[in-house]
Amino acid sequence: MNNVSTVKNQIRVRAANAEALIIGDALIDHQYWIHEMPKSGEDVAILSSASHSGGSAANTAIALQKQGVTCAFCGRLGNDKFGLDIIAQMKEIGIDISCIQYSGDTGYTLTIIDRHGERTMFSYRNAYAFRPAMTKELLHTIQKAKVLFLSGYMLIDKQQADFVIDAARYAKGKGCYVMLDASPVIGQADGDLVSAVLSLTDIILPNRLELEMLSHTTDLSVGLERLHQYVPCIALKLGGKGSRLSIMPGFPLPDGRILNDKEEYSAEVERVSVIDTTGAGDSFNAGFTASFLRCETPDKWIKAGNVLASQVVARKGGGF
């Protein structure tokens, strides 16, 4: 048995039953800071660089675990050093890694961050591009979880989208909340597949552009109403303008209460010097979900998301 397999077997240990199961991407994030994005054919200097584990779903899982929520993670990693580095980091903070699957090489993202903290990403999915298997470990974890958190990145591939639909249906049958992070690529996904996933989603967390792509309008109020045809609870991320929450009547709260009326909230974000927006949306997702699972009032869900996102954008590297 090679060293990679030996170490992988040593750290493949089941944690306690997880409150949240996150399914999606885990990869290596190579980050490069520059002054300004060049035009085609130009050359600019790299001011600094760093590499660390990343991926939207993995970022959310790590941040959520650090908020005191027990998490499990499901995704595909390579049978290589980078994959081992990621699962070792997850295990170190207590994330249940029993649902992680292996094939190919670990994917990576090249992230370019300009002087305004805005980032441009180029992703090589590799192992993450394979459809996960519905293993007995995964089925067990879904049965015990309170929240199934899904990444919209998986919807651009039909096989992965079919897997997401299967997982969401199974979770709904077990009384588990289904949450969806829309992701910037949601507009590239097949419309019928997106509709199928949305119809199984209890809570969606899009940013403004993602809402526009899903609702086919730039009017936020109209967009929210159109998305409510599928999803009862929408947490809208508005960057420096804060966030909005819209919940339809009949939505079951985690404390067992049912909302009788439509509820809407807005929350401003703390003004900070933005250094790097990498991971801002993922940290909002984690803060929101942690507050939700603590059975706090809905207005606090988006406030908690704003607080965590503000902390992340104020430092370099988008880490947690």
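The values are calculated or read from the model by the stated rules, or taken from the named source; none is laboratory data. It should be emphasised that the depicted structure is a prediction, and the values quoted were computed from it without experimental measurement. Please note: Cβ atoms are built from the backbone with ideal geometry, for glycine as well, and neighbour counts cover all protein chains shown.
Quick check on region 41-62: of everything there that is of a type in the set (V, I, T) and out of contact with any helix residue (DSSP H, G or I) (no Cβ under 9 Å at 6 or more places or on another chain), which residue is nearest to D181 (Cα to Cα)?
It comes out as I46.
Please verify whether region 256-265 includes one or more residues that are closer than 26 Å to R119 by Cα and part of a strand (DSSP E or B).
Restricting attention to region 256-265, the residues satisfying the condition of being closer than 26 Å to R119 by Cα are none.
Looking through region 256-265, none of the residues is closer than 26 Å to R119 by Cα and part of a strand (DSSP E or B).
Within region 102-121, does at least one residue satisfy the condition of being closer than 19 Å to L21 by Cβ and over 16 Å from the mean Cα position of the chain (by Cα)?
Yes, that holds for at least one residue.
This table checks each residue for (1) in contact with a strand residue (DSSP E or B) (Cβ under 9 Å, 6 or more places away or on another chain); (2) crowded, with 21+ Cβ neighbours inside 10 Å.
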site	(1), (2)
T217	no, no
G223	yes, yes
A235	yes, yes
L238	yes, no
M248	yes, no
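Can you tell me which residue in region 98-117 is farthest from I46 (Cα to Cα), limited to those that are in contact with a Phe, Trp or Tyr (Cβ under 9 Å, 6 or more places away or on another chain) and of a type in the set (G, A, S)?
Filtering first and then ranking leaves S103.
Among the residues of region 152-161, are any among the charged types (D, E, K, R), within 22 Å of E210 (Cα to Cα) and in contact with a Leu (Cβ under 8 Å, 6 or more places away or on another chain)?
yes
Hey, does region 248-265 have a residue that's under 13 Å from I302 (Cβ atoms), at pLDDT 95 or above and within 21 Å of the chain's Cα centre (by Cα)?
No, region 248-265 contains no residue that is under 13 Å from I302 (Cβ atoms), at pLDDT 95 or above and within 21 Å of the chain's Cα centre (by Cα).
Considering only residues that are over 21 Å from P252 (Cα atoms) and among the aromatic types (F, W, Y), look in region 147-172 and name the one that is farthest from the chain's Cα centre (by Cα).
This residue is F163.
Can you run down the residue pairs with Cβ atoms below 7 Å, 6 or more apart or on separate chains, where the first is in region 105-133 and closer than 24 Å to A167 by Cβ and free of Cβ contacts under 8 Å to residues at least 60 places away in the same chain and the partner is in a strand (DSSP E or B) and among the polar types (S, T, N, Q)?
A133/Q101
With the requirement that a residue be under 29 Å from I46 (Cα atoms) and either touching a helix residue (DSSP H, G or I) at 6+ places or on another chain (Cβ under 6 Å) or of a type in the set (A, V, I, L, M) (or both), what does region 78-97 give you?
G78, L84, I86
Return the residues of region 290-313 that are under 16 Å from Y265 (Cα atoms) and assigned to a helix (DSSP H, G or I); say none if nothing qualifies.
Of everything in region 290-313, those that are under 16 Å from Y265 (Cα atoms) and assigned to a helix (DSSP H, G or I) turn out to be S291, F292, P298, D299, K300, W301, I302, K303, A304, G305, N306, V307.
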